[in-house]
Amino acid sequence: MRAAVLALLLAVSCSQPSQGAASQSPSPTAVTKPSPTPRPAGPTIDALLGRCPTPAELASVDSSLSMKFTSDPTSGTLVCTAASGSRDLTLFQVRTYQAVLMLTWIRFDAPLPWTNLTLDVWFAHAIHGIESRSDAQYSFCCLPGGVIAIQTNNLAVLDKSLPLWESVRWLAALFIHEARHNEGFGHTCATGPRAGQNDNTVAELGAWGAQYYFYVWLAEHTDHGVVPKADQAVARAEAADMLGRFFCQPEPTPSA
């Protein structure tokens, strides 16, 4: 199943930042003191994903990012409603908001390797919006104004055979990957069958490197009261699978 998800990721992820993306010269992420974000008291990530987002959660996403659903493969059917205490949302809209909210719901016990900010604060600084669309072959970064373009064909997040945790985590990882591009990190591998699509190494902390460490940190630096041990194990295996697929020189690197 993990191999199927990674195959879908290959089908929708960008090969290089688009013309509207930032310069390819890497620049360090600005380090500022993150604003405190409330951590959920009690619910696991599975429980949080199993309910509709609250109006306050949706407003918090809207206040930091523009959310535009130009294409929605689930349009016409609502799975959350304002009448039930959420907002009128389709399945794809719910999953998109949940993928962003996941960056707030989960807290790590160690700084991420590519930024000293919390994950949600870094993400809000790295990009300014998300637009779903069906007219692109790949998801890419970025449209003008630092907006991630997410192509909506064959997205794993809508695959009902996948556990909800896996599919939403996959979409969150895609968002992180594209946001890292907007900080000036292109794919650096210049040889082999995936030249221009892979990074050379994990250690350079490019788009694939940030995604890799997101999985490692989910596995090694979360409270299993929030991310259950079974979910941590899946993230750990996902990180291991990435090494031979998305890095041309997957030399051993510290995992945590």
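Structure above, values below:
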item	result
Verdict on Val5 being within 20 Å of Ala207 (Cα to Cα), assigned to a loop (DSSP other than H, G, I, E, B) and at pLDDT below 50	no
Top-ranked residue of the range 49-80 - restricted to ones that are part of a loop (DSSP other than H, G, I, E, B) and free of Cβ contacts under 8 Å to residues at least 24 places away in the same chain, ranked as surrounded by the fewest Cβ atoms within 10 Å (Cβ to Cβ)	Gly76
Options Trp165, Trp122; residue that is under 20 Å from Phe214 (Cβ atoms) and touching a Leu at 6+ places or on another chain (Cβ under 7 Å)	Trp165
Given (1) more than 27 Å from His128 (Cβ to Cβ); (2) over 17 Å from the mean Cα position of the chain (by Cα); (3) surrounded by fewer than 24 Cβ atoms within 10 Å (Cβ to Cβ), index of the condition Gln232 fails	(2)
Residue match in the range 99-107 (condition: within 16 Å of the chain's Cα centre (by Cα), more than 28 Å from His221 (Cβ to Cβ), without any contact (Cβ under 8 Å) to a residue 60 or more places away in the chain and buried (at least 19 other Cβ atoms within 10 Å of the Cβ))	no
Residue count for the range 200-215, restricted to those that are surrounded by 23 or more Cβ atoms within 10 Å (Cβ to Cβ) and among the aliphatic types (A, V, I, L, M)	3
Residues that are among the charged types (D, E, K, R) and more than 18 Å from Ser66 (Cβ to Cβ), drawn from the range 90-144	Arg107, Asp109, Asp135
Breaking point among (1) modelled with pLDDT under 95; (2) of a type in the set (S, T, N, Q); (3) surrounded by fewer than 18 Cβ atoms within 10 Å (Cβ to Cβ), for Ser84	(1)
Ala237 vs. criteria surrounded by fewer than 21 Cβ atoms within 10 Å (Cβ to Cβ), without any contact (Cβ under 8 Å) to a residue 40 or more places away in the chain and not in a loop (DSSP other than H, G, I, E, B)	no
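The values are calculated or read from the model by the stated rules, or taken from the named source; none is laboratory data. The structure presented is a predicted model; accordingly, all values stated were derived computationally and were not measured. Using ideal geometry, Cβ is built from the backbone for each residue, glycine included, and neighbour counts are taken over all protein chains shown.
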